[in-house]
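The structure appears right after this line, and notes come after that.
The values are calculated or read from the model by the stated rules, or taken from the named source; none is laboratory data. Please read all numbers here as calculations on a predicted model, not as lab measurements. In this analysis, Cβ positions are derived from the backbone assuming ideal geometry, glycine residues included, and neighbour counts consider all displayed protein chains.
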Amino acid sequence: MESFQTHRGLMAALDRANVDTDQIIPKQFLKSIARTGFGEQLFYDWRYLPDGKPNPEFVLNLPQFQRATILVTRNNFGCGSSREHAVWAVQQYGFRAVIAPRQKRGEMRVPAFADIFKNNCAKNALLTVELAEEEVENIFQMIQRFPALEATINLDQQRVSLHLPEEVSFHFEIDAAVKGRLIHGLDDISLTLKEETRISAFEKKHNFQLPDPQK
């Protein structure tokens, strides 16, 4: 899969919490057996009016957010069903990263991303960035104040930098294993093939043989 090391791009702000996978990619588009072409259906019910024309009020249809590659949203993004198509739709639209806040209300914790969606992102080179709630709120305000705001995400340094008159940066945490696979562009198959020599040696040592289908 494509590696993620450093990316600079335009930021788009989707000011909605609990965006579920059926909103990201509605169920009627899951019939395809291919893994391509889902970008046009991203947020379909929000992006398009009943007559099929673009909804001029939806954020991704606004002129200042055209060609955005970094999506900033609210907490619990990607909740709902486990469909991997949701990740494909976000990625194939053109986004390389999604930023969302983790929240804490007393003893209650609200995740930035639903677990299954987050895991699917790691397997498809879509970076999920979790920041503190006040940091994401700051980003939303900066996007509103500065049209066509760009940011650079440096995965090695685990840093998001907003390109403002005075640069503002935020550090983010990420699982070391996920970071490594993204930087090196390793999907599940690639990770397995890294151990091909050891796997072959193990098979020879234990003399594994496939069963004879005729017996």
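Tell me whether segment 18-28 contains one or more residues that are over 15 Å from L126 (Cβ atoms), touching a residue at least 60 places away in the same chain (Cβ under 8 Å), not aliphatic (A, V, I, L, M) and not in a helix (DSSP H, G or I). Looking through segment 18-28, at least one residue is over 15 Å from L126 (Cβ atoms), touching a residue at least 60 places away in the same chain (Cβ under 8 Å), not aliphatic (A, V, I, L, M) and not in a helix (DSSP H, G or I). Restricting the search to strands (runs of 3 or more DSSP E) fully inside segment 58-167 and requiring at least 3 residues that are among the basic types (K, R) gives 97-105. When M1 is tested against the conditions (1) in contact with a Gly (Cβ under 7 Å, 6 or more places away or on another chain); (2) assigned to a loop (DSSP other than H, G, I, E, B); (3) more than 14 Å from R96 (Cβ to Cβ), the lone failure is (3). Set side by side, the residues C121, C79 differ, and just one is modelled with pLDDT of 95 or more, touching a strand residue (DSSP E or B) at 6+ places or on another chain (Cβ under 7 Å) and within 18 Å of M1 (Cα to Cα), which is C121. Screening the candidates Q23, Q92, Q103, Q28 for the property of being touching a helix residue (DSSP H, G or I) at 6+ places or on another chain (Cβ under 8 Å) and either closer than 27 Å to G185 by Cβ or surrounded by fewer than 15 Cβ atoms within 10 Å (Cβ to Cβ) (or both) yields one hit, Q92. The set of residues in segment 35-80 being surrounded by 14 or more Cβ atoms within 10 Å (Cβ to Cβ) and touching a Gly at 6+ places or on another chain (Cβ under 8 Å) consists of G39, A68, T69, I70.
Does F113 fit the bill of being surrounded by 20 or more Cβ atoms within 10 Å (Cβ to Cβ), under 16 Å from L127 (Cα atoms) and among the aromatic types (F, W, Y)? When the stated conditions are applied, F113 passes them. Of all residues in segment 106-128, one or more are among the aromatic types (F, W, Y), closer than 18 Å to Q158 by Cα and touching a residue at least 24 places away in the same chain (Cβ under 8 Å).
Among the residues of segment 168-179 satisfying the criterion of being surrounded by fewer than 12 Cβ atoms within 10 Å (Cβ to Cβ) and part of a helix (DSSP H, G or I), which is modelled with the highest pLDDT? Out of the qualifying residues, it is A176. Which of the residues that make up segment 38-52 are among the hydrophobic types (A, V, I, L, M, F, W, C) and in a helix (DSSP H, G or I)? W46, the sole residue that qualifies.
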